[in-house]
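Notes follow once the structure below has been shown.
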Amino acid sequence: GPSCQYSAVLAAAEMNEKGGILGRQIELLAADAGGSPEAVVERARDLVERQGANALIGVHLSSVRVALAKAFSGRVPYVFAPLFEGGNDGEAVFTIGEVPERQFAGPVSHLMQHHAAKRWFLVGNDYVWPRSSHGWVRQFVLENGGEIVGEEYVGIGQETDHIVDLVEAAAPDIVFQSLVGSECVPFNRMFAERGLAQRILRLSGAVEENTLMAIGEENTENLFCAAGYFSALKTPENQRFLKRYRDAFGVTAPVQGVLSEACYEGLRFFGALASRAQSLDLTALANAFEGLTFESARGLTTVRNGVAAGPTYLARADGTEFEILRAFND
């Protein structure tokens, strides 16, 4: 949360220095995107109807995205910035995050080929992003000679102890996990405390730097993550981003990760989209989407065939920081 707020403030300040969006200064309004999708829709309705928001930019669960897209279709532009499951046909939303094929194809292949990860156990929260992502990963693993030895889901806010039991019994080579927030941390702590981390790899698409710190350095052995951004990136664009971030908020500012960088990227994307469309009209914005190129902390990203395309990375946890092992380009 704090990382997202800080990165949004930085993006708005940078854009306002250059004239804002279509000559208008950006004013940020905020609403909590946690809780049930219905509750988030009501908070967003307050932003739009009472506070006069001209656009919605979200970093939250895909279940919330589906509800917001339905509630605000045709009313205001809506940008969903983080990684997601793809296949948002029919939703009135601009999605710019990694889809499973882009996020996982390279990392899964790498672990299968270089770490003998043949037997996979899939673990996730019980909503649209984990289930859809696991469907893609399952098919990819099977097509590449691997085996799925288990698959289990847990509701948001529920205990994960029984999943650790199931994983231990199945003895996979690797656990692919799509756990978020309050389930991700205790699962990974218990996984390591049982001694499983020494012999079973873990690959996540959702563990970012803040979550890694919460898991604890003693619990991150053989934990890998696939993402389109890591704070450890040594690219010129990320170095400039982090310098501006620390200059603005200090060296003790909340660490940046793939979700908070997405919040920064969402604003930068929307500014570029509006500039290309020369309007906030929904039809004009939609017509300007395909082929759009925009700048963010991870460099230039271009929308191709309705998907924002750019490099993704495989990183391994080194204590509470990530070491980037490899980049994968489209």
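The values are calculated or read from the model by the stated rules, or taken from the named source; none is laboratory data. Quantities reported herein were computed from a predicted structural model and do not represent experimental measurements. Positions of Cβ are generated from backbone atoms using ideal geometry, with glycine treated the same way; all protein chains shown enter the neighbour counts. These accessible areas exclude ligands, DNA and RNA; they are computed on the full protein's heavy atoms, side chains included. Shrake-Rupley method; radii C 1.70, N 1.55, O 1.52, S 1.80 Å.
Between Ala13 and Ala327, take the C-beta separation as r, use R0 = 30 Å, and let me know the FRET efficiency to the nearest 0.05.
According to the calculation, E is roughly 0.50.
Compute the distribution of all C-alpha to C-alpha distances in the chain, in bins of 20 Å from 0, and list the percent of pairs in each, rounded to whole numbers.
32, 58, 10, 0
Within the range 112-137, what residues put their amide N at less than 20 Å from the label point 7 Å along the Cα-to-Cβ vector of Glu159?
It comes to 123-126, nothing else.
What length, rounded to one decimal in nm, is gained on full extension from Glu38 through to Gln5, with 0.36 nm per residue of separation minus their alpha-carbon distance?
9.6 nm
How would you rank 156-168, 12-24, 89-101, highest first, on the average number of other Cβ atoms within 10 Å across their residues?
The most tightly packed comes first, giving 89-101, 156-168, 12-24.
Please give every one of the aspartates and glutamates within straight-line cross-link reach of Lys234, meaning a C-alpha to C-alpha distance under 19 Å, and leave out same-chain neighbours fewer than 8 residues apart.
Glu208, Glu209, Asp247, Glu261, Glu265, Glu295, Asp318, Glu321, Glu323
For Leu56, enumerate residues with amide H under 5 Å from its amide H, sequence gap 5+ or separate chain, H modeled in the peptide plane.
Tyr78, Val79
Taking every pair of Cα atoms in the range 19-80, average 1/r, invert it to obtain the Kirkwood radius, and report Rg/Rh to two decimals.
That ratio is 0.97, to two decimals.
Among the Cys residues of the chain, which have no other cysteine Cβ under 4.7 angstrom away?
Cys184, Cys225
Using a Förster distance of 35 Å, how high is the FRET efficiency between His115 and Gln51, based on the Cβ-Cβ distance and rounded to 0.05?
After rounding, the FRET efficiency stands at 0.10.
Using only helices, what value at 222 nm comes out for the chain when you add -39,500 (n - 2.57) per DSSP H run of length 4 or more and divide by the total residues, to the nearest 500 deg cm²/dmol?
So the calculated ellipticity at 222 nm is -13500 deg cm²/dmol.
At q = 0.15 Å⁻¹, work out log10 I(q)/I(0) for the range 1-150 with the Debye formula, treating every Cα as an identical point scatterer and leaving solvent out; two decimals please.
Rounded to two decimals, the profile gives -0.87.
Any idea of the accessible area per residue across the chain, 1.4 Å probe, to the nearest Å²?
43
Work out from phi, with θ = phi - 60° and the Karplus expression 6.51 cos²θ - 1.76 cosθ + 1.60, the ³J(HN,Hα) of each residue of the range 306-315, listed in order in whole Hz, and give x for Gly and Pro.
Once θ is set to phi - 60°, the couplings for the range 306-315 become x, 10, 6, 10, x, x, 10, 9, 10, 10 Hz.
Over its Cα atoms, what ratio of radius of gyration to 2.2 N^0.38 Å does the range 275-330 give?
Normalised Rg, Cα atoms only: 1.57.
Give the calculated FRET efficiency between Ala248 and Glu147 to the nearest 0.05, with a Förster radius of 56 Å applied to their Cβ-Cβ distance.
Computed FRET efficiency for Ala248 and Glu147: 0.70.
In terms of the Cα gyration tensor, with a ≥ b ≥ c the square roots of its eigenvalues, is the range 114-180 rounded because a/c is under 1.5, prolate because a/b exceeds b/c, or oblate?
oblate
Compute the helix-to-body angle for 2-17: its Cα long axis versus the longest principal axis of the chain, expressed 0 to 90° and rounded to tens.
Computed tilt is about 30 degrees.
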